[in-house]
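S.K.: Okay, handing you the structure first.
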């Protein structure tokens, strides 16, 4: 993580160095040019007036080069008169002959017509007596002007150094701020790897790092929840297995030790508990296959009313025995659902048996189905005692019973609803429960209707 912080700091510095260097270079060159133009414009008007006055007084240009000098001109050193001089301005007479030589000219040179494009005329009494050819880029600077520009450049250099120092401080601060969540996530990940599940990291922003931290917190919470469920399920399985095994072993030992006679009743008890064990193992096998996505489904378009009528007929004797009325409210024109009839009968049978188990004598269980958009909603509603708010969210948990005493006369193994939920979800459907205390319970299945292509495929088989 230190390496990432260093890389971020260096990246900030590199960006600032390039930006500051470009700004300093551009500012220096622009300042020098604008300052040169300012000096030139400041002196040229007065100088032009002096040239016109000189010609008016002398009537010619002879000797003007020795008597008048443009303030910004760079004096030549070394070369004799008549050689090319360095300067910011060139003066010619009316015929175009150089009388004051600027850069690139000699006194006495003839200037071509093409070079008079930007020339300014010198007029005396309305008559043009000369021409001015300015060369601003080569305009010279005096000591005071050069000192001013040096100070400007020094200011730019000090400003650049200050900007780099501030950038370094900000880079360190920002790098530490950006990498802090990563350091916390790294430490939390190491803790989770060592078994400290459920650990959460503070979410300090709403950017990508904040989303990453929130995702880690959700993952950690789910891991902790899954581990707790797995531990609880292991304990529940051990509990569910221990009771029938204890009964079987107790009766077998009692028969072996001749404490109990080997009667049909004793063997019936042993057989019932063995069957209970077999059902529990089969339920666990079905649930594990559903969770792993390995549950075999043979889906085909099936009328919803057929599913409900068959399950109602199968549980009709049990309903009569308990004095409970089973009523159906099914639209006969509902579209088919694409399901595995055997698996869906298992789900509906589980829900209906639960409804009959918890509905008192004289009560009623209603089976209904209706079309909702692209789904068929199947409802199994009873008039039982209902489910409390605290228990409602755990209804589909494995081995969960509202009756904490785990008496078998008030419920099964606690896997039926978990299996039902897995089977429905493997059909791309949904299942939920609506209930409140003393107001009955309604289990709802939402199954997608069979598409036309599914029906065509089924008809072609």
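The values are calculated or read from the model by the stated rules, or taken from the named source; none is laboratory data. Because the structure is a prediction, the values reported are computed rather than measured. Every residue, glycine as well, gets a Cβ built from its backbone with ideal geometry; the counts of neighbours run over all protein chains shown.
S.K.: Quickly run through segment 420-447 and pick out the residues that are assigned to a strand (DSSP E or B) and either under 34 Å from the mean Cα position of the chain (by Cα) or buried (at least 16 other Cβ atoms within 10 Å of the Cβ) (or both).
M.R.: Scanning segment 420-447 gives 430, 431, 432, 433, 435, 441, 442, 443, 444, 445, 446, 447.
Okay, residues lined up against (1) over 23 Å from residue 448 (Cβ atoms); (2) within 46 Å of the chain's Cα centre (by Cα):
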| position | (1), (2) |
| --- | --- |
| 244 | yes, no |
| 255 | yes, no |
| 276 | yes, no |
| 284 | yes, yes |
| 294 | no, yes |
| 301 | no, yes |
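S.K.: Could you list, in sequence order, all residues of segment 66-125 that are surrounded by fewer than 15 Cβ atoms within 10 Å (Cβ to Cβ), touching a helix residue (DSSP H, G or I) at 6+ places or on another chain (Cβ under 9 Å) and modelled with pLDDT of 80 or more?
M.R.: The answer is 123, 125.
S.K.: OK, next. Taking helices (runs of 4 or more DSSP H) that do not extend beyond segment 254-350, which have at least 3 residues that are within 23 Å of residue 398 (Cβ to Cβ) and touching a residue at least 60 places away in the same chain (Cβ under 8 Å)?
M.R.: Here the list reads 264-291.
S.K.: Of (1) out of contact with any helix residue (DSSP H, G or I) (no Cβ under 7 Å at 6 or more places or on another chain); (2) surrounded by 12 or more Cβ atoms within 10 Å (Cβ to Cβ); (3) not in a helix (DSSP H, G or I), residue 197 satisfies all except one. Which?
M.R.: Every listed condition holds for residue 197 apart from (1).
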